[in-house]
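Asker: Supplied in structure tokens, the structure appears directly below.
The values are calculated or read from the model by the stated rules, or taken from the named source; none is laboratory data. For clarity, every value in this text was computed on a predicted model and none was experimentally measured. Counting neighbours? That spans all protein chains shown, and the Cβs are built from the backbone with ideal geometry, glycine included.
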Amino acid sequence: MASTVTVLFAVVIVLAAVYCGIDPLRHSSMADFPEFEAYLVELPAWSEVPKVRDEQDLLQRAEVRFFGQIQGPESVAFDPLGRGPYTGVADGRILFWDGNSWSNFAFTSPNRTELCDPKPSALMYLKNEHICGRPLGLRFDKKSGDLYIADAYFGLLKVGPEGGLATQLTTEAEGVPLKFTNDFDFDEDGNVYFTDSSSNYQRRNFMQLVFTSEPSGRLLKYNPVTKETTVLLRNLQFPNGVSMSKDKSFFVFCEGSPGRLSRYWLKGEKAGTSEVFAVLPGFPDNVRTNENGEFWVAIHCRRTVYAHIMSHYPQLRKFFLKLPIPAKYQFLMFIGGRLHAVIAKYSPDGELLQILEDRQGKVVRAVSEVEEKDGKLWLGSVLMPFIAVYDLH
């Protein structure tokens, strides 16, 4: 009897392994990427990941604005006259708030169709983003008034102060197309430093990029005079937000999978080199510099023990990703079961100064960018249907 049970158990294990290996019903989160690989993420020891908490959950005090009027406002910008906000939304438009209502300001795709019409959720636009466009990072050139846009599918673009269809500036670097243009900032000469989060995965597959941690991301520079785009750093794992230091001697950029801020030097003895600037408590999105030269980092969620272990053991992660578990539930496993927003402020020297969060995700469930203006934090979110505003006073 015992031997029969053992044989049956072995057969079940083998059948389960075969099922997971071929995924006949395409239930796994990587069903569309059967040749995917999972990559090692070099992380600091668990003890070095910041554990400081906002015990008061201060982000729950944030004011929710424009609920239901905008879907997935990733980046928040104000023009040189202080008007706005302007924000890019899930259907591919850049919108402008004139103080009374939202109006269309610009768009990145020349081929918008009815597929881009309003939908109830930001995630419902994912499958058509390559048609409609997906504006992510936004910044105004304070001298010209032009709005620069990083669109996940259409590259780096700009549009004049009157808006309209944005003009593409660059869509490739060194012969490799931009697959997931994400964020940027300028230096004093107008050079644009920006990230391409992956050469293999588009933004509509951002969960798969998170799962695999594949190292094809790049940090790039666009020269507006020569029109050339060059690669500064390659083999990055989900590079994201970019923000210049107050004195323009360096900029910082977020590295998603390793969960850190890195510094790229533009001036001085270290010019042209990079180094770790700060270890973050979780998975970062955008970073923005305030008037004091401090850096606000938007963090999608804290790093969990599960995510930490999976980062160290890519073969174990690959096994779990082959199981018939949809991407949504794999993602929830990575983030600890629920969305929970965290923002962190760092000094110009990389010292952690402040953490604000909503650990239960009651008000601010996700945050993609923190823009400080006139004593308030404007919190954009690629997932939520609103902008949250937190009063620092």
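Asker: Name the residue, out of ARG61, ARG26, ARG83, ARG53, that is within 25 Å of ARG203 (Cβ to Cβ) and either of a type in the set (D, E, K, R) or surrounded by fewer than 16 Cβ atoms within 10 Å (Cβ to Cβ) (or both). Write out each step before concluding.
Answerer: On the way: ARG61 fails: within 25 Å of ARG203 (Cβ to Cβ); ARG83 fails: within 25 Å of ARG203 (Cβ to Cβ); ARG53 fails: within 25 Å of ARG203 (Cβ to Cβ).
The conditions single out ARG26.
Asker: Would you tally the residues in the range 296-336 being under 25 Å from GLU74 (Cα atoms), among the hydroxyl-bearing types (Ser, Thr, Tyr) and surrounded by 15 or more Cβ atoms within 10 Å (Cβ to Cβ)?
Answerer: Total satisfying the criteria: 1.
Asker: Among ASN290, ASN286, which is the only one that is within 21 Å of TYR390 (Cα to Cα), within 20 Å of the chain's Cα centre (by Cα) and surrounded by fewer than 24 Cβ atoms within 10 Å (Cβ to Cβ)?
Answerer: ASN290
Asker: Would you mind finding the one in VAL252, VAL242, VAL276 that is more than 23 Å from ASP391 (Cα to Cα), more than 18 Å from the chain's Cα centre (by Cα) and assigned to a strand (DSSP E or B)?
Answerer: VAL276
Asker: Something else now. Restrict the check to the range 89-104 and report whether at least one residue is closer than 20 Å to THR171 by Cα, touching a helix residue (DSSP H, G or I) at 6+ places or on another chain (Cβ under 6 Å), outside any strand (DSSP E or B) and charged (D, E, K, R).
Answerer: In the first step, residues of the range 89-104 are kept if they are closer than 20 Å to THR171 by Cα; the result is 92-94.
Within this subset, residues satisfying the condition of being touching a helix residue (DSSP H, G or I) at 6+ places or on another chain (Cβ under 6 Å) are 92.
Applying the additional criterion that residues be outside any strand (DSSP E or B) yields 92.
Those still in the list that are charged (D, E, K, R) too: none.
Scanning the range 89-104 turns up no residue that is closer than 20 Å to THR171 by Cα, touching a helix residue (DSSP H, G or I) at 6+ places or on another chain (Cβ under 6 Å), outside any strand (DSSP E or B) and charged (D, E, K, R).
Asker: Would you pick out the residues in the range 96-120 that are crowded, with 16+ Cβ neighbours inside 10 Å and closer than 23 Å to VAL363 by Cα? Reasoning before the result, please.
Answerer: The initial filter retains those residues of the range 96-120 that are crowded, with 16+ Cβ neighbours inside 10 Å, namely 96-97, 102, 105-109, 112, 116.
Passing the criteria: TRP97, TRP102.
Asker: Across the range 293-325, what is the number of residues that are out of contact with any Leu (no Cβ under 7 Å at 6 or more places or on another chain), of a type in the set (A, V, I, L, M) and either part of a strand (DSSP E or B) or under 30 Å from SER249 (Cα atoms) (or both)?
Answerer: Residues in the range 293-325 being out of contact with any Leu (no Cβ under 7 Å at 6 or more places or on another chain), of a type in the set (A, V, I, L, M) and either part of a strand (DSSP E or B) or under 30 Å from SER249 (Cα atoms) (or both): 1 in total.
Asker: Under 7 Å by Cβ, and 6 or more places apart or on different chains, what pairs join a residue from the range 198-220 that is within 16 Å of CYS254 (Cα to Cα) and assigned by TED's automatic domain parsing to the domain that holds ARG303 with one that is in a helix (DSSP H, G or I) and among the small types (Gly, Ala, Ser)?
Answerer: Final answer for the pair search is SER213/SER311.
Asker: So which residues in the range 227-239 are under 18 Å from the mean Cα position of the chain (by Cα) and outside any strand (DSSP E or B)?
Answerer: Across the range 227-239, the qualifying residues are GLN237, PHE238.
Asker: Sticking with this structure for a sec: Using the structure shown, decide if LEU352 is within 21 Å of the chain's Cα centre (by Cα), buried (at least 17 other Cβ atoms within 10 Å of the Cβ) and not aromatic (Phe, Trp, Tyr). Quick ask: steps written out before the conclusion?
Answerer: Values: within 21 Å of the chain's Cα centre (by Cα): yes; buried (at least 17 other Cβ atoms within 10 Å of the Cβ): no; not aromatic (Phe, Trp, Tyr): yes.
No.
Asker: What strands (runs of 3 or more DSSP E) completely inside the range 119-166 contain at least 1 residues that are without any contact (Cβ under 8 Å) to a residue 24 or more places away in the chain?
Answerer: Of the strands (runs of 3 or more DSSP E) lying wholly inside the range 119-166, those with at least 1 residues that are without any contact (Cβ under 8 Å) to a residue 24 or more places away in the chain span 155-159.
Asker: Still on this structure: Can you pull out every residue in the range 255-273 that is in contact with a Leu (Cβ under 9 Å, 6 or more places away or on another chain), part of a loop (DSSP other than H, G, I, E, B) and either more than 17 Å from THR230 (Cα to Cα) or touching a residue at least 60 places away in the same chain (Cβ under 8 Å) (or both)?
Answerer: GLY256, SER257, PRO258, GLY259
Asker: May I pose another question? Criterion first (at pLDDT below 95 and in a loop (DSSP other than H, G, I, E, B)) does LYS51 satisfy it?
Answerer: The answer is yes for LYS51.
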